[in-house]
Amino acid sequence: MTEATPPRVIVCLAPDLFFAPRLADVIQQLGGQPVIVATPEAFVDAVDRHFPVLALLDLASEGDWALAITRCKIRPQTSQVPLIAFGSHVDTATLRAARHAGADHAWARSKLMTELPQVVAHYLNPPIVYPEGWDAPLSSLARRGIDEFNRGEYFEQHESLELAWREEPRAVREMYQGILQIGVAFLQIQRNNWAGAIKMFRRGLPRLRTLPPICQGVDLATFRASAEAIHWEVTTLGAARLHEFDQSRFPRISIQA
């Protein structure tokens, strides 16, 4: 079965009839899927539903946008979604309030609109980061964890990769944590725990997104693509239909000799 490519969604709270079409046009032109909403409540729901690569929030929106920002950033299943708020450049108090609520950035509207194509392109196709240790061999603990992963021992792989993560001081340790969290997502699918699976996918996948395609000999690009496709399918199935997912499609992780 060919795995479908998940859509790269950008959620926008943009009730303004001038800005909303501009946002949607730029996102579509660059290959993304815009989801435009008009209320803070719908914004939270859309971020939760779509797990976007970026969320944009107009501070001129009516309603409690500060609560919406906070809700998105404190929940483990959406906390890693980058969130940019934008508003009047002269209303510095509101921009500060957005940052205080948890927004990753709070920009003047003019800055966002000027730089919108570059911002959207950056989050749709983030540049690869080569962390310290990316070209080193796997540690013995990490190798053991991946071997356990490939045998479908998702509880055991968590234990081994957690130890490997603790012992690795370099930034490449993010790969270990990302893999183990995806393995726990698979474990939750086996247990028919849809909410648990979604939470773990959304904690693990962002850790792998900007790493090199081959990292410490691990074919990370292929594994990540498979895991992203499974996350999208499981999200679409929902809790009631999770049992329909074919667990034989859980991927193995290839390691170069």
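The values are calculated or read from the model by the stated rules, or taken from the named source; none is laboratory data. Everything numeric in this text was worked out from a predicted model, so none of it was measured. Quick reminder, even Gly has a Cβ in these numbers, built from the backbone with ideal geometry, and neighbours come from all protein chains shown.
Asp45 passes every criterion in (1) touching a residue at least 24 places away in the same chain (Cβ under 8 Å); (2) surrounded by fewer than 17 Cβ atoms within 10 Å (Cβ to Cβ) apart from (1).
Per-residue answers, yes or no, for (1) among the aromatic types (Phe, Trp, Tyr); (2) in contact with a strand residue (DSSP E or B) (Cβ under 6 Å, 6 or more places away or on another chain); (3) without any contact (Cβ under 8 Å) to a residue 40 or more places away in the chain:
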{"position": "Val184", "(1), (2), (3)": "no, no, yes"}
{"position": "Arg191", "(1), (2), (3)": "no, no, yes"}
{"position": "Gly196", "(1), (2), (3)": "no, no, yes"}
{"position": "Arg202", "(1), (2), (3)": "no, no, no"}
{"position": "Leu211", "(1), (2), (3)": "no, no, no"}
{"position": "Cys215", "(1), (2), (3)": "no, no, no"}
{"position": "Val218", "(1), (2), (3)": "no, yes, no"}
{"position": "Ala221", "(1), (2), (3)": "no, no, yes"}
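Listed here are the residues, each with its yes/no results for (1) part of a helix (DSSP H, G or I); (2) touching a strand residue (DSSP E or B) at 6+ places or on another chain (Cβ under 8 Å); (3) touching a residue at least 40 places away in the same chain (Cβ under 8 Å).
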{"residue": "Pro117", "(1), (2), (3)": "yes, no, yes"}
{"residue": "His122", "(1), (2), (3)": "yes, no, no"}
{"residue": "Pro126", "(1), (2), (3)": "no, no, yes"}
{"residue": "Tyr130", "(1), (2), (3)": "no, no, yes"}
{"residue": "Gly133", "(1), (2), (3)": "no, no, yes"}
{"residue": "Pro137", "(1), (2), (3)": "no, no, yes"}
{"residue": "Arg144", "(1), (2), (3)": "yes, no, no"}
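Residues that are surrounded by fewer than 22 Cβ atoms within 10 Å (Cβ to Cβ), touching a helix residue (DSSP H, G or I) at 6+ places or on another chain (Cβ under 9 Å) and modelled with pLDDT under 95: does the stretch 113-135 have at least one? Looking for residues that are surrounded by fewer than 22 Cβ atoms within 10 Å (Cβ to Cβ), touching a helix residue (DSSP H, G or I) at 6+ places or on another chain (Cβ under 9 Å) and modelled with pLDDT under 95, one finds at least one in the stretch 113-135, hence yes.
Pairs meeting the criteria (first residue in the stretch 92-107 and crowded, with 21+ Cβ neighbours inside 10 Å and modelled with pLDDT of 95 or more, second residue among the polar types (S, T, N, Q) and assigned to a helix (DSSP H, G or I), beta carbons under 9 Å, at least 6 apart or on different chains) are Ala101/Thr70; Ala106/Thr94.
Each row is one residue, and each column tells you yes or no for (1) in a helix (DSSP H, G or I); (2) within 15 Å of Phe51 (Cβ to Cβ); (3) outside the structural domain of Glu153 (by TED's automatic domain parsing).
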{"site": "Met200", "(1), (2), (3)": "yes, yes, no"}
{"site": "Gly204", "(1), (2), (3)": "yes, yes, no"}
{"site": "Leu211", "(1), (2), (3)": "no, no, no"}
{"site": "Ala227", "(1), (2), (3)": "yes, yes, no"}
{"site": "Trp232", "(1), (2), (3)": "yes, yes, no"}
{"site": "Thr235", "(1), (2), (3)": "yes, yes, no"}
{"site": "Arg241", "(1), (2), (3)": "yes, no, no"}
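Within the stretch 140-147, is even one residue surrounded by fewer than 16 Cβ atoms within 10 Å (Cβ to Cβ), small (Gly, Ala, Ser) and under 30 Å from Pro34 (Cα atoms)?
In the first step, residues of the stretch 140-147 are kept if they are surrounded by fewer than 16 Cβ atoms within 10 Å (Cβ to Cβ); the result is 140, 147.
From what is left, the residues that are small (Gly, Ala, Ser) are 140.
Still in the list and also under 30 Å from Pro34 (Cα atoms): none.
No; the residues of the stretch 140-147 include none that is surrounded by fewer than 16 Cβ atoms within 10 Å (Cβ to Cβ), small (Gly, Ala, Ser) and under 30 Å from Pro34 (Cα atoms).
Give the residues of the stretch 1-42 that are of a type in the set (Val, Ile, Thr) and surrounded by 16 or more Cβ atoms within 10 Å (Cβ to Cβ), sorted by residue number. Walk me through how you get there before you give the answer.
Just the residues of the stretch 1-42 that are of a type in the set (Val, Ile, Thr), to begin with: 2, 5, 9-11, 26-27, 35-37, 39.
Scanning the stretch 1-42 gives Val9, Ile10, Val11, Val26, Ile27, Val35, Ile36, Val37, Thr39.
How about the stretch 57-76: which of its residues are under 15 Å from the mean Cα position of the chain (by Cα) and either in a helix (DSSP H, G or I) or surrounded by 18 or more Cβ atoms within 10 Å (Cβ to Cβ) (or both)? Talk me through it step by step, then tell me what you get.
The initial filter retains those residues of the stretch 57-76 that are under 15 Å from the mean Cα position of the chain (by Cα), namely 72-76.
Within the stretch 57-76, Cys72, Lys73, Ile74 meet the criteria.
Yes or no, residue by residue, for (1) of a type in the set (A, V, I, L, M, F, W, C); (2) in contact with a Cys (Cβ under 9 Å, 6 or more places away or on another chain):
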{"position": "Ala185", "(1), (2)": "yes, no"}
{"position": "Leu208", "(1), (2)": "yes, yes"}
{"position": "Ala239", "(1), (2)": "yes, no"}
{"position": "Pro251", "(1), (2)": "no, no"}
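In the stretch 153-178, of all residues being touching a Pro at 6+ places or on another chain (Cβ under 8 Å) and part of a loop (DSSP other than H, G, I, E, B), the one that is nearest to Pro251 (Cα to Cα) corresponds to Val172. Residue count for the stretch 15-42, restricted to those that are under 16 Å from Leu116 (Cα atoms), in a loop (DSSP other than H, G, I, E, B) and modelled with pLDDT of 95 or more: 3.
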